[in-house]
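> Please read through the structure below; I'll follow up with questions.
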Amino acid sequence: MKSPLLSLPGAVPAEGVDEGVAGHYGDLFREQRALADGAGFVDLSHRGVVTVSGEDRLSWLHLLLTQHVTDLAAGQATEALILSAHGHIEHALYLVDDGATVWAHVEPGTQEALLAYLESMKFFYRVEVADRTADTAVVHLPAGSIAPVPDGVVVRETAYGRDLFLPRADLETFAEQAGPPAGILAHEALRVEQHRPRLGFETDHRTIPHELGWIGTAVHLQKGCYRGQETVARVQNLGKPPRRLVFLHLDGSEVHLPPAGTRLRVRDEDPDGRTIGFITTSARHHELGPVALALVKRNVPVDAPLMADTTAAAQEVVVEP
């Protein structure tokens, strides 16, 4: 779904999964600095929006999600996953309940599969699920923002800022009042700095929550049964995940960023030797320079210098080995 804000001055369309909104508006670092200072907004109107209403909505979602939501208070933000039977991550939901309806935004293009799964699990529960992507746009205000929120708009507030579920018809009017726009590339650079994983970027078909640090934030270890719980409990109590998320500082002298999927190796080993991981997201940060998130094998020493193809990389631990 193409955003009308692509008509704003300087807007350059994003590519790939984030196609439909602006990658930047002409100055990536200025946009990052504005967000870091609590100014401006990010157009996330390409993201899917799903709602669940009905008096059984929280107890029903509690059975399906990795998060404890039976007592979710109105206005309280949380995040949750849906796992496969083998514990692999299938969906990531960013939730808030407004007292009558649970609102969630999800990765672009995943809402249809999510809706199909939720519909298949309704049984006799008093719930209604709906795809609200066509009439609702997600907009992000950074932490510290003093931009006014229109009356009646559902807000999901976290330590990183506020996500607004804005009527899509009001998007252009809101943009006129919300301060300078920042593109998705600025938003992504700050996400990488904050070590926050993203479905489809840090995940593949075999990712389990422990590898990305989603235990505690999106996975509640003391709640009841849900699909994939056996894997979560077994790894938590008896073992370690096979991979771990790391934050990388990349050699700033390189002109090009190593793209997602770039193989990683230990610097002192044979260049044609073993692959120990891969880049998941790379970005240019306004203060840190080129940085990345990556998945590496759990047993890679935390102080081992790495190479991302021909680019040197130094690790910071995100998930403990």
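> Name the most mobile residue of L166, L238, L83, meaning the one with the largest mean-square fluctuation, in a Gaussian network model of the chain with Cα contacts below 10 Å.
L238
> Ratio of segment 178-304's C-alpha Rg to 2.2 N^0.38 Å, to two decimals?
On the way: Rg = 16.6 Å, N = 127, 2.2 N^0.38 = 13.9 Å.
Ratio of Cα Rg to 2.2 N^0.38 Å: 1.20.
> Among P242, M307, H205, which residue has its Cα positioned farthest towards the positive end of the charge dipole of the chain, with +1 placed on the Cβ of Lys and Arg, -1 on the Cβ of Asp and Glu, and the dipole taken about the Cα centre?
In the chain, that residue is P242.
> In the chain, carbon and sulfur make up what percent of the accessible area (probe 1.4 Å)?
On the way: 7410 of 14260 Å².
Of all accessible area on the chain, carbon and sulfur atoms account for 52 percent.
> Compare S45, S282, S253, S59 by solvent-accessible area with a 1.4 Å probe and give them largest first, with all protein chains kept in place. Walk me through the intermediate numbers first.
Details: S45 0, S282 35, S253 90, S59 55 Å².
Greatest to least solvent exposure: S253, S59, S282, S45.
> Under 15 Å from the Cβ of T203, count the other residues' Cβ atoms, weight Lys and Arg +1, Asp and Glu -1, and hand me the total. Write out the running numbers ahead of the final one.
Working: positive: R191, R196, R198, R206, R243, R244; negative: E79, E90, E107, E202, D204, E211.
Value of the local net charge: 0.
> Could you check the simple spin-label distance between A304 and R30, using points 7 Å along Cα→Cβ, in nm with one decimal?
4.3 nm
> Compute the signed sum of charges (Lys and Arg +1, Asp and Glu -1) over the other residues within less than 14 Å, Cβ to Cβ, of F29.
On the way: positive: R30, R33, R284; negative: D27, E31, D37, E188, E193, E287.
With Lys, Arg at +1 and Asp, Glu at -1, the net is -3.
> Roughly how many Å is it from the Cα centre of segment 258-318 to that of segment 106-161, as a whole number?
Between the Cα centres of segment 258-318 and segment 106-161 lies a distance of 34 Å.
> May I pose another question? First measure r as the distance between the Cβ atoms of E112 and V153, then evaluate 1/(1 + (r/R0)^6) with R0 = 30 Å and state the FRET efficiency to the nearest 0.05. Don't jump to the answer; show the numbers that get you there.
Working: r = 25 Å, r/R0 = 0.82.
That pair, E112 with V153, gives E of 0.75.
> Which value, in Å² rounded to 10, gives the accessible area of H24 with a 1.4 Å probe and all protein chains present?
Here the residue's solvent-accessible area equals roughly 50 Å².
> Kindly state, to the nearest 0.05, the FRET efficiency for L288 paired with H86, given R0 = 45 Å and r defined as their beta-carbon distance.
Details: r = 36 Å, r/R0 = 0.80.
Computed FRET efficiency for L288 and H86 comes out at 0.80.
> Tell me, in nm to one decimal, what length is gained between D37 and E230 on full extension, where the rule is 0.36 nm per residue of separation less the Cα-Cα distance? Spell out each step's value before the answer.
On the way: separation 193, 0.36 × 193 = 69.48 nm, distance 4.25 nm.
Value of the extension gain: 65.2 nm.
> Name the most mobile residue of D163, D56, D268, meaning the one with the largest mean-square fluctuation, in a Gaussian network model of the chain with Cα contacts below 10 Å.
Taking springs between Cα atoms under 10 Å, the residue moving most is D268.
> Between A134 and T173, with labels modelled 7 Å along Cα→Cβ, what's the label distance in nm to one decimal, could you check?
2.2 nm
> Here is a follow-up. What number comes out for the charge environment of A314, summing +1 per Lys or Arg and -1 per Asp or Glu over other residues with Cβ under 13 Å away?
Numbers: positive: R267; negative: D251, D303, E316.
Computed value for this residue: -2.
> Leaving ligands, DNA and RNA out of it, work out the accessible area of F29 with a 1.4 Å probe and give it in Å² to the nearest 10.
About 80 Å², ignoring ligands and nucleic acids.
> In a Gaussian network model over the chain where Cα atoms closer than 10 Å are linked, find which of V219, V302, V69 has the largest mean-square fluctuation.
Between V219, V302, V69, it is V302 that shows the largest mean-square fluctuation.
The values are calculated or read from the model by the stated rules, or taken from the named source; none is laboratory data. These numbers were taken from a predicted model, which means no experiment stands behind them. Ideal geometry is used to build each Cβ from the backbone, glycine not excepted, and the neighbour counts take in all protein chains shown. With ligands, DNA and RNA removed, areas are computed over all heavy atoms of the protein, side chains included. Shrake-Rupley method; radii C 1.70, N 1.55, O 1.52, S 1.80 Å.
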